[in-house]
Amino acid sequence: MRAATPQVHLIARPELDYDEVAAYLHDVGGASWLERVDRGEMDDAQNLAEFAGRICYRSWEPGLNPNVRRVRTDQSAYLQNILASAHGSVLEHVNFTFVLHDVSRVVTHELVRHRAGTAVSQESLRFVRLDDLPFWFPDWAEEDTELRERAAELLGRMEEFQRWMAGHFGLDEEGVNFGEKKAKTSFMRRFAPEGLATGLVWTANVRTLRHVIESRTSKGAEEEIRLVFGRLAELMAKEAPALFGDYEVEDGAWTPKWRKV
């Protein structure tokens with residue numbers, strides 16, 4: 001048994017094509033907006049959210065829309081107003097992609113409840129044959145010596161059974177086609193515990209991220225998923241502070257100032 005530690009890696013973020021943005025703004029008379037915004041690698045997410053919001057009201061600068069006499073020029077203040085007014089649709093354009101590594105299938109089964117605004121590609125145990133069973137133990141379980149020893153013995157026997165089945169089915173013998181391997185591997189996964197650590201690529205837009213962070217770090221959420229999304233929330237607070245800077249954190253629970261955006 002390999003001890004697993006859940007990990008979160010941010011692997012993709014929005015990227016704006018500023019030449020195309022400039023071409024559009026030239027047509028509508030809003031070129032001054034590009035002069036106000038930063039264009040670093042970590043600025044595109046917030047710029048995209050602001051861009052989507054301003055197109056709704058043509059609020060690039062005063063006078064383009066006769067109903068708009070004044071525009072906010074500070075991006076943080078502008079995005080805070082988006083959050084405060086629950087104009088969450090503009091946040092759906094901003095997507096981030098994560099690798100959730102060594103998280104249990106307990107976590108992944110919980111995540112399927114959050115379908116809107118997400119995309120998922122998970123390691124398939126129909127194709128990936130198991131020989132070890134990586135497993136995460138919370139601190140309180142690690143400190144329970146008898147529990148830890150009994151769990152290790154049980155998981156060791158389950159690992160041995162996985163290896164026995166592979167040999168019994170002759171999966172590594174010459175000439176066994178992939179279809180046969182797939183069928184037997186699919187059967188073998190039925191003898192793996194739900195706590196087995198696995199991996200997936202998970203993409204979500206900012207509107208969804210704000211909801212999932214709140215719900216999955218709350219005190220009533222499952223222990224491991226609280227750990228995973230607490231780490232994810234820390235990443236996002238650094239990545240896009242104007243979009244995730246309104247949270248208060250207490251005992252690991254992330255509660256936004258503006259809810260249901």
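Bear in mind that the values in this text are calculations on the coordinates, not laboratory data. This is a predicted model, so every value here is computed, not measured. Cβ placement follows ideal geometry from the backbone for every residue including glycine, while neighbour counts extend to all protein chains displayed.
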Checklist entry - Which of the residues belonging to segment 1-30 are surrounded by 12 or more Cβ atoms within 10 Å (Cβ to Cβ) and without any contact (Cβ under 8 Å) to a residue 12 or more places away in the chain? => result Tyr24
Checklist entry - For segment 31-59, which residues satisfy the criterion of being polar (S, T, N, Q), buried (at least 18 other Cβ atoms within 10 Å of the Cβ) and farther than 25 Å from Leu209 by Cα? => result Ser59
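Each row is one residue, and each column tells you yes or no for (1) free of Cβ contacts under 8 Å to residues at least 60 places away in the same chain; (2) loosely packed, with under 11 Cβ neighbours inside 10 Å.
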residue	(1), (2)
Phe135	no, no
Glu142	yes, no
Met165	yes, no
Leu171	yes, no
Glu174	yes, yes
Item to check | Single match in Glu214, Glu234 (criterion: of a type in the set (D, E, K, R), without any contact (Cβ under 8 Å) to a residue 60 or more places away in the chain and closer than 16 Å to Thr97 by Cα) | outcome: Glu234
Checklist outcome for this item: Note on segment 78-98: residues surrounded by fewer than 17 Cβ atoms within 10 Å (Cβ to Cβ) and in a strand (DSSP E or B) are Thr97
Item to check | Hits in segment 181-204 (condition: assigned to a strand (DSSP E or B), over 22 Å from Ala253 (Cβ atoms) and not aliphatic (A, V, I, L, M)) | outcome: Thr198, Gly199, Thr203
Checklist entry - Among (1) more than 27 Å from the chain's Cα centre (by Cα); (2) in a helix (DSSP H, G or I), which single condition is Arg69 missing? => result (2)
Checklist outcome for this item: Of the residues in segment 76-101, those that are in contact (Cβ under 8 Å) with a residue 12 or more places away in the chain, in contact with a Lys or Arg (Cβ under 7 Å, 6 or more places away or on another chain) and at negative phi come to Tyr78, Gly88, Leu91, Glu92, Phe96
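Would you pick out the residues in segment 188-211 that are in contact (Cβ under 8 Å) with a residue 12 or more places away in the chain and under 18 Å from Asp131 (Cα atoms)?
Met188, Arg189, Phe191, Ala192, Pro193, Glu194, Gly195, Leu196, Ala197, Thr198, Gly199
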